[in-house]
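The values are calculated or read from the model by the stated rules, or taken from the named source; none is laboratory data. No experiment lies behind these values; they were computed from the predicted model shown. A quick note on method: Cβ atoms are made from the backbone with ideal geometry, for glycine too, and the neighbour counts reach across all protein chains shown. What goes into the accessible areas is simple: the full protein's heavy atoms, side chains included, and nothing from ligands, DNA or RNA. Shrake-Rupley method; radii C 1.70, N 1.55, O 1.52, S 1.80 Å.
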Amino acid sequence: MKPAAISMTLLFAAFAASTVTEQQLREAQSDSATWLTYGKNYLGWRYSELAEINTRTISRLAPRWIHQTGASGSHETTPLVFAGRMFLTGPSNNAWALDLLTGKEVWHYHKAPPAGLSMCCGEQNRGFAALDDKLFKVNIEATLVALDARSGTVLWERPMADYKKGYTATGAPLIVKNKVIAGMAGAEFGTRGFIDAYDASTGERVWRFNTIPAKGEPGVETWAGDSWQHGGGSTWVTGTYDPELNLIYWTTANPGPGMDGDVRAGDNLYTNSLVALEADTGKLKWYFQFTPHDTHDWDAVEDPVLIDIVRQGRKVKAVVQANRNGFFYALDRTNGQFLFASPYTKITWATGIDANGRPIVVPGMDPTETGTKVCPGLGGGHTWHPTSYSPQTQLFYFNSADGCQLFYRNKQEFHEGQWYQASTEAAIPSEPPTGTVLAMDPTSGNPRWRFEMVSPSPGGMLSTAGGLVFTGDGEGYLIALDANTGKPLWHFQTGGEIIAPPITYSLNGKQQIAIAAGTSIVTFALTP
Amino acid sequence: MRISLTAACTGRYSLRLQHRWIALIVTSAACFAQTSQNPLAGDPNAAAGGGAAFRPYCTPCHGIRGEGGRGPDLTRGVYSAGDKDSDLFNVIANGVPGTDMAAFADQFREEDIWRIVAFVRSLARHDMAPMAGDRAAGEKLFWGKGGCSACHVVNGKGGRLGPELSRIGRERSLAFLRESVLTPSADVQPEFATITAVKRDGTKIVGIGSLDNFTVQITDAAGNYYSFERSDLASSTRELKSLMPDEYGRSLTAAEIDGLLAYLVSLRGVEAAR
């Protein structure tokens, strides 16, 4: 073979290895060496078949390399791993490809965010999606950008909405067939939420589902007057997908203004809801609203995880969620029918959930000018931090903040692009909250075990066939728990607050763990 | 009423840490008043509008009537950051570094901040009686019989187990200081919570420090520093309870307490250059 032909062959081989196909995404669970999509698989399990690191070997787990990104701000990314590289996003429109062996930077993407952004929660980003030879991410100013996975070169960038009106974007996109599904943020600024689908090749928008119905559309009757125009319902956490049903499951956030419900009488559809959308059209198949007429900022953006459970002797295609309002829910994902709900933390705002899935609300729990004590507090319960389901233990793992807060409200006029929550909240100094990692039996809603923590943990979850659950905490510990018992087996102080979820993959046949901690990415493997 | 060009603001954005339990409002905005007088000073509705915003955002620290608490008493008509309207604007907009006063430049428009300034002005009572206590006696008590200086620093001198008090008169209301002297555990900052470690041999170590899911660090009253893996201990706990004795209400006379409070209120720190 001539040298030129050899180099062309190598180039082709490198190119082929840099691609992710739709079929690979559908079969992502069976490819343990990689991490190809936000939730590990379309169902959102964050479970790996890798078992080299297990309850017996965990004591030999040690750091392998650390990459310091140099970007300040909250690192919440779920890295993708394929083709010998790790692809991760960071705050303030940064992204990197790292060499999987060494952590060395292969390329760095950066676009300076525009001045004058209106944001509730910083310039963080939660990750890439990948298809073919492209990577997709949102930028904070509510654009969707496609990068060449080999070089980080921008292939196209499309505006999703006008950031000057308070729209931003932070979540990892989801690839479904040839579409890039992406959500937005900004419910705190009187925006109107949506979920978008874009053609992965051209960047053209294929469909949009507005999470707040407009005048003349079903559901607008749940908004007093014209309050739907500033109704919030943002979509800032990645959804899941059932290829058999061809349905996308995506969650929605709080109504606007967050804590003054008087100006938006009604249930305020489709805020604080799970919507099931037909993947090809974005048409609403069904919805389920967890917290109608929310006044406590309890976004329903927690992972909608797709598992099959047995109820009354019948196998049900379910979607489960640990909702921020303090209840764990199971729904039939074919039709949205409510199956059951159970409290997983202290709840004072409702006495339970009725047979139709509607909360039985305790009167007098709305925010007031002088403050109303409500449990859970503003952060939940559980909030957006990624959850995990292990088919090995058949348990669902998530973190919970356990405590109460004071909720205040005031009257506030709407001004485009400006803060529109009409509210604030405060801790109760004498009642510091604690935290828990829960292992939930998703067929019953009963916790199997709890790992108590001194404070609420912002880390996400990973479960593995090694019988382990990995998570991080706010003090910087990466922690491994026995997936069956919750017993802590290993911990490592990373030196930076952990807000991101751990992932796992293999390199040269050896299992690795990776986590964003502080402003670094830290990887781990077993020592001999 | 829309006001133009009364403040210069840059880098406006806020960070609400929703992943943390306490939804802190942290901001990098800088927003400074360009006029020393409140442009809404003649607007009779301004104070009422400011009061509506004051209640949810400010009362957790300053009290429902501005009487103070963890934050300063605003009814005294004397403000630690300066007495001009623009000083109040700048404090509300940008916060006070090194204190609990957060920045609100991204929560409120400029005119709303001026309305809050108008409301704060309306709270001021100018008929307040001077402090009843004997400041000099209080100072002597603080550094002597009261034993306060064993744990509190004032202007570089004193112990380190309790909060520094060099400018406590600016930061806390009189009522809050009284409560802190008489019932120290009523409102304890987390960094001054009581940490207790019991070793397997029964030795108990008590102090302040930190306790996480796996380790504990303690500085005791003698200044000794300890650090343990919690799994190596018989027990380790953190209580939101002050190490300060709660007996001053009994061991000191009313006049002595008034004197001590007069001394604490007088601690204003070094004037920041403005």
Inset, instruction - Go through (1) assigned to a loop (DSSP other than H, G, I, E, B); (2) crowded, with 19+ Cβ neighbours inside 10 Å and name the single condition A:PRO528 misses. - result: (2)
Inset, instruction - Starting from residues that are touching a Gly at 6+ places or on another chain (Cβ under 7 Å) and among the hydroxyl-bearing types (Ser, Thr, Tyr), keep the ones in the stretch A:109-150 and report whichever is farthest from A:GLU204 (Cα to Cα). - result: A:SER118
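Could you check the stretch A:308-328 and list, in sequence order, the residues that are over 17 Å from the mean Cα position of the chain (by Cα) and either farther than 11 Å from A:TYR344 by Cα or modelled with pLDDT under 95 (or both)? Working first, answer last.
Going residue by residue through the stretch A:308-328, those that are over 17 Å from the mean Cα position of the chain (by Cα) are A:308-318, A:326-327.
A:ASP308, A:ILE309, A:VAL310, A:ARG311, A:GLN312, A:GLY313, A:ARG314, A:LYS315, A:VAL316, A:LYS317, A:ALA318, listed by residue number.
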Legend entry - Members of the stretch A:448-474 that are more than 21 Å from the chain's Cα centre (by Cα) and among the charged types (D, E, K, R): A:ARG448, A:ARG450, A:GLU452
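B:GLU139 - would you say it is charged (D, E, K, R) and either more than 14 Å from chain A (Cβ to nearest Cβ) or crowded, with 20+ Cβ neighbours inside 10 Å (or both)?
Details: charged (D, E, K, R): yes; either more than 14 Å from chain A (Cβ to nearest Cβ) or crowded, with 20+ Cβ neighbours inside 10 Å (or both): yes.
Yes; evaluated as a whole, the condition is true for this residue.
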Inset, instruction - Quickly run through the stretch B:26-74 and pick out the residues that are more than 11 Å from chain A (Cβ to nearest Cβ) and among the polar types (S, T, N, Q). - result: B:GLN34, B:THR35, B:SER36, B:GLN37, B:ASN38, B:ASN45
Legend entry - Residue under evaluation A:ILE212, criteria (1) over 18 Å from A:ASN325 (Cα atoms); (2) open to solvent by 10 Å² or more (accessible area, probe 1.4 Å); (3) part of a loop (DSSP other than H, G, I, E, B), criterion not met: (2)
Inset, instruction - Considering every residue within the stretch A:90-103, establish whether at least one is farther than 17 Å from A:GLY495 by Cβ, touching a Leu at 6+ places or on another chain (Cβ under 6 Å) and polar (S, T, N, Q). - result: no
Legend entry - Enumerated helices (runs of 4 or more DSSP H) restricted to the stretch B:42-151, each holding at least 3 residues that are modelled with pLDDT under 85: B:46-62
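Being within 14 Å of chain B (Cβ to nearest Cβ), open to solvent by 40 Å² or more (accessible area, probe 1.4 Å) and closer than 29 Å to A:TRP490 by Cβ: is that true of A:GLY73 here? Break it down into steps so the answer makes sense when it comes.
Working: within 14 Å of chain B (Cβ to nearest Cβ): yes; open to solvent by 40 Å² or more (accessible area, probe 1.4 Å): yes; closer than 29 Å to A:TRP490 by Cβ: yes.
In short, yes.
Any idea which residue in the stretch A:123-140 is nearest to the other protein chains (Cβ to nearest Cβ), counting only those that are assigned to a loop (DSSP other than H, G, I, E, B), open to solvent by less than 10 Å² (accessible area, probe 1.4 Å) and of a type outside the set (Lys, Arg)?
Filtering the stretch A:123-140 down to residues assigned to a loop (DSSP other than H, G, I, E, B) leaves A:123-126, A:128, A:133, A:140.
Next cut, open to solvent by less than 10 Å² (accessible area, probe 1.4 Å) only: A:125-126, A:128, A:140.
Subset that is of a type outside the set (Lys, Arg): A:125, A:128, A:140.
Details: A:ASN125: 14, A:PHE128: 20, A:ILE140: 10 Å.
Out of the qualifying residues, it is A:ILE140.
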Inset, instruction - Among the candidates A:THR153, A:THR191, A:THR202, single out the residue that is open to solvent by 10 Å² or more (accessible area, probe 1.4 Å), polar (S, T, N, Q) and within 28 Å of A:ALA115 (Cβ to Cβ). - result: A:THR153
Inset, instruction - Identify, by number, the condition in (1) more than 21 Å from B:TYR248 (Cβ to Cβ); (2) without any contact (Cβ under 8 Å) to a residue 12 or more places away in the chain that B:LYS157 doesn't meet. - result: (1)
Inset, instruction - Would you be able to say whether some residue in the stretch B:203-224 is open to solvent by 40 Å² or more (accessible area, probe 1.4 Å), of a type in the set (A, V, I, L, M, F, W, C) and touching a residue at least 24 places away in the same chain (Cβ under 8 Å)? - result: yes
Legend entry - Checking A:MET119 against (1) outside any strand (DSSP E or B); (2) at pLDDT 95 or above; (3) under 20 Å from A:ALA253 (Cβ atoms); (4) open to solvent by less than 10 Å² (accessible area, probe 1.4 Å), the condition it does not meet: (2)
Inset, instruction - Please indicate, with yes or no, whether at least one residue in the stretch A:376-383 is touching a residue at least 40 places away in the same chain (Cβ under 8 Å) and surrounded by fewer than 24 Cβ atoms within 10 Å (Cβ to Cβ). - result: no
Inset, instruction - Collect the residues in the stretch A:171-188 that are surrounded by fewer than 24 Cβ atoms within 10 Å (Cβ to Cβ) and either in contact with a Lys or Arg (Cβ under 6 Å, 6 or more places away or on another chain) or charged (D, E, K, R) (or both), keeping them in residue-number order. - result: A:LYS177, A:LYS179
Inset, instruction - Take the stretch A:408-423 and flag every residue that is at the interface with chain B (Cβ under 9 Å from one of its Cβ atoms) and either touching a Gly at 6+ places or on another chain (Cβ under 8 Å) or surrounded by fewer than 18 Cβ atoms within 10 Å (Cβ to Cβ) (or both). - result: A:TYR408, A:LYS411, A:HIS415, A:GLN418, A:GLN421, A:ALA422, A:SER423
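Which members of the stretch A:381-402 meet the condition of being touching an Asp or Glu at 6+ places or on another chain (Cβ under 7 Å), within 13 Å of chain B (Cβ to nearest Cβ) and not β-branched (Val, Ile, Thr)?
Step one: of the stretch A:381-402, the residues touching an Asp or Glu at 6+ places or on another chain (Cβ under 7 Å) are A:382-384, A:386-387, A:395.
Restricting the remaining residues to those that are within 13 Å of chain B (Cβ to nearest Cβ) gives A:382-384, A:386.
The answer is A:HIS382, A:TRP384, A:PRO386.
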Legend entry - Residue that is open to solvent by less than 10 Å² (accessible area, probe 1.4 Å) and charged (D, E, K, R), where the choices are A:ARG85, A:ARG46, A:ARG56: A:ARG46
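What residue, of B:PHE104, B:PHE108, is open to solvent by less than 20 Å² (accessible area, probe 1.4 Å), out of contact with any Cys (no Cβ under 6 Å at 6 or more places or on another chain) and of a type in the set (A, V, I, L, M, F, W, C)? Give the derivation first.
On the way: B:PHE104 fails: open to solvent by less than 20 Å² (accessible area, probe 1.4 Å).
Only one candidate qualifies: B:PHE108.
Could you check the stretch A:28-99 for strands (runs of 3 or more DSSP E) lying wholly inside it with 3 or more residues that are closer than 18 Å to A:PRO501 by Cβ and aliphatic (A, V, I, L, M)?
none
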Inset, instruction - With the checklist (1) surrounded by fewer than 24 Cβ atoms within 10 Å (Cβ to Cβ); (2) under 26 Å from A:LEU117 (Cβ atoms); (3) of a type in the set (S, T, N, Q) in hand, flag the one item A:THR168 doesn't pass. - result: (1)
Inset, instruction - May I ask you to verify whether B:ARG172 is over 30 Å from A:GLU413 (Cβ atoms) and touching a residue at least 40 places away in the same chain (Cβ under 8 Å)? - result: yes
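Being over 30 Å from B:CYS61 (Cα atoms), of a type in the set (A, V, I, L, M, F, W, C) and touching a Gly at 6+ places or on another chain (Cβ under 9 Å) is true for just one of A:ALA426, A:ALA514, A:ALA483. Which residue is that? Before the answer, list the steps.
Working: A:ALA426 fails: over 30 Å from B:CYS61 (Cα atoms); A:ALA514 fails: touching a Gly at 6+ places or on another chain (Cβ under 9 Å).
Answer to the check: A:ALA483.
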Inset, instruction - Give the residue that is most open to solvent (accessible area, probe 1.4 Å), with candidates limited to residues of the stretch A:302-339 that are touching a Gly at 6+ places or on another chain (Cβ under 6 Å) and either among the small types (Gly, Ala, Ser) or over 19 Å from A:VAL237 (Cβ atoms) (or both). - result: A:PHE338
Legend entry - Per-region count, the stretch A:279-299, residues of a type outside the set (Lys, Arg), in a loop (DSSP other than H, G, I, E, B), out of contact with any Lys or Arg (no Cβ under 8 Å at 6 or more places or on another chain) and surrounded by fewer than 24 Cβ atoms within 10 Å (Cβ to Cβ): 1
